[in-house]
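Colleague: Before I ask anything, here is the structure I am working with.
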Amino acid sequence: MDFGLMLLTIGVSFILAVISAPLLIPLLRRLKFGQQIRGEGPQSHQKKAGTPTMGGIVIILAFTLAFLKFSVVNTDFYVLLIATLGFGLVGFLDDYIKIVFKRSLGLTARQKLFGQLLFSGILCVLLLSEGHSTAIGIPGTGFSFDWGPWFYYPFIVVMLLAISNAVNFTDGLDGLLSGVSAIALGAYAVIAMQATSLPAAVCAAAMIGAVLGFLVFNAHPAKVFMGDTGSLGIGGAIGAIAIVTKSELLFLVIGGVFVIEMLSVVIQVISFKTRGKRVFKMSPIHHHFELSGWSEWRVVVTFWAVGLVLACIGLYLNKGL
């Protein structure tokens, strides 16, 4: 597969994001689309109140234009596009309701779940029509198991919901999600090229350029936040790439930072409800390190480093698939 095409896709998407962000940020300020900061969060975050959010529009726009330009059109193309735009739309509606209607929780849990299930269902129909393999490979081995469509399709629906929400939990510090997702997507771009899946490779490359371009404005101190528009869209893209490249379980390694973030929330909730005690000072776990005295930048760089190590391990394990 043409490595030059991947670099071109990343470059075009990056430039589109860098150009569009300075145009969108002032507009978000004028519309007063400012971030609301939780009162129970780290006190150092209170100064971020009012920072423009919904910047994920920049990511989705840059990604879409680059993906449409450089990808070939087939079933995988539609799966990847619908996953990214569909989950991004759910995130957009959540952000919009939070800001415009002053509802701190945005969409209700049921509404958000319905939207995610709707687009996951559409993806399943597309994959089923394509005759997508229902075998699931075990990372690091040459083994796989195939329990048929009745297991596989519910499995990938749960997987898409888990990945998108895990990515969403990771968006809590300046530049954290942008950097971690770019690293994970870099690994998936390599896997997609090895699997000779041009749409998946271009999807990963377009999203890498978009999040890196956004990172220019999202690095500490952030001038804009991506909101759920960006985080759910990124999560949808990563989940779809994992499915299209038949590396579903490999996400547990490549996306290990996302998995850790989600598990920290689950553990915290279960512990508090069953024992009345918190395991972490605050969840997701990046806030725990902040409240333990780490600077925001130290947490971000450490998580980037962990993400890079896990991405490399994932690429090594992929040889066994």
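Colleague: Please indicate, with yes or no, whether at least one residue in the range 301-308 is part of a helix (DSSP H, G or I), of a type in the set (Phe, Trp, Tyr) and at pLDDT 95 or above.
Modeller: Yes, because at least one residue in the range 301-308 is part of a helix (DSSP H, G or I), of a type in the set (Phe, Trp, Tyr) and at pLDDT 95 or above.
Colleague: Yes or no: the range 101-108 includes at least one residue that is touching a residue at least 40 places away in the same chain (Cβ under 8 Å) and within 21 Å of the chain's Cα centre (by Cα).
Modeller: yes
Colleague: Looking at (1) assigned to a helix (DSSP H, G or I); (2) small (Gly, Ala, Ser); (3) closer than 27 Å to PRO139 by Cα, which one does SER247 not meet, given that it meets all the others?
Modeller: Only one criterion is unmet by SER247, namely (1).
Colleague: Do you know which residues across the range 288-301 are over 18 Å from the mean Cα position of the chain (by Cα), within 26 Å of ALA187 (Cα to Cα) and open to solvent by less than 50 Å² (accessible area, probe 1.4 Å)?
Modeller: GLU296, VAL299 - these are the residues of the range 288-301 that are over 18 Å from the mean Cα position of the chain (by Cα), within 26 Å of ALA187 (Cα to Cα) and open to solvent by less than 50 Å² (accessible area, probe 1.4 Å).
Colleague: What residue, among those in the range 154-174 that are within 13 Å of the chain's Cα centre (by Cα) and not in a helix (DSSP H, G or I), is farthest from VAL299 (Cα to Cα)?
Modeller: ASP171
Colleague: Then there is this: Taking the range 121-145 as the search range and keeping residues that are touching a strand residue (DSSP E or B) at 6+ places or on another chain (Cβ under 8 Å) and under 18 Å from ALA195 (Cβ atoms), which one is surrounded by the fewest Cβ atoms within 10 Å (Cβ to Cβ)? So that I can check it myself, show each step before the final result.
Modeller: Step one: list which residues in the range 121-145 are touching a strand residue (DSSP E or B) at 6+ places or on another chain (Cβ under 8 Å), which gives 135-138, 143-145.
Add one more test, that the residue is under 18 Å from ALA195 (Cβ atoms), and what stays is 135-138, 143-144.
On the way: ALA135: 13, ILE136: 18, GLY137: 19, ILE138: 14, PHE143: 11, SER144: 13.
Among those residues, the one meeting the criterion is PHE143.
Colleague: Hey, ILE191 hits all of (1) crowded, with 22+ Cβ neighbours inside 10 Å; (2) outside any helix (DSSP H, G or I) but one; which does it fall short on?
Modeller: With respect to (1) crowded, with 22+ Cβ neighbours inside 10 Å; (2) outside any helix (DSSP H, G or I), ILE191 is out only on (2).
Colleague: Could you list, in sequence order, all residues of the range 122-161 that are modelled with pLDDT under 95, within 18 Å of THR75 (Cβ to Cβ) and touching a helix residue (DSSP H, G or I) at 6+ places or on another chain (Cβ under 6 Å)?
Modeller: GLU130
Colleague: Enumerate the pairs (first residue in the range 220-248 and open to solvent by 10 Å² or more (accessible area, probe 1.4 Å); second residue anywhere and basic (Lys, Arg)) with beta-carbon separation below 7 Å, excluding pairs fewer than 6 apart on the same chain, so at least 6 apart or on different chains.
Modeller: As it stands, the answer is none, since no pair meets every condition given.
Colleague: Determine whether PHE155 is among the aromatic types (Phe, Trp, Tyr) and either farther than 30 Å from LYS32 by Cα or buried (at least 24 other Cβ atoms within 10 Å of the Cβ) (or both).
Modeller: The answer is yes for PHE155.
Colleague: Okay, moving on. Can you tell me which residues in the range 270-287 are in a loop (DSSP other than H, G, I, E, B) and open to solvent by 100 Å² or more (accessible area, probe 1.4 Å)?
Modeller: In the first step, residues of the range 270-287 are kept if they are in a loop (DSSP other than H, G, I, E, B); the result is 276-284.
Passing the criteria: LYS277, ARG278, LYS281.
Colleague: Inspect all residues belonging to the range 201-218 and state whether any of them is open to solvent by 10 Å² or more (accessible area, probe 1.4 Å) and not in a helix (DSSP H, G or I).
Modeller: Checking the range 201-218: not a single residue is open to solvent by 10 Å² or more (accessible area, probe 1.4 Å) and not in a helix (DSSP H, G or I).
Colleague: For residues in the range 62-105 being among the small types (Gly, Ala, Ser) and not in a helix (DSSP H, G or I), which is surrounded by the most Cβ atoms within 10 Å (Cβ to Cβ)?
Modeller: Ranking the candidates gives SER71 first.
The values are calculated or read from the model by the stated rules, or taken from the named source; none is laboratory data. Note that the structure is a prediction, hence the values are computed from the model and not measured. No Cβ is skipped: glycine too gets one built from the backbone with ideal geometry, and neighbour counts run over all protein chains shown. Please note that ligands, DNA and RNA were not included when accessible areas were found on the heavy atoms of the full protein model with its side chains. Shrake-Rupley method; radii C 1.70, N 1.55, O 1.52, S 1.80 Å.
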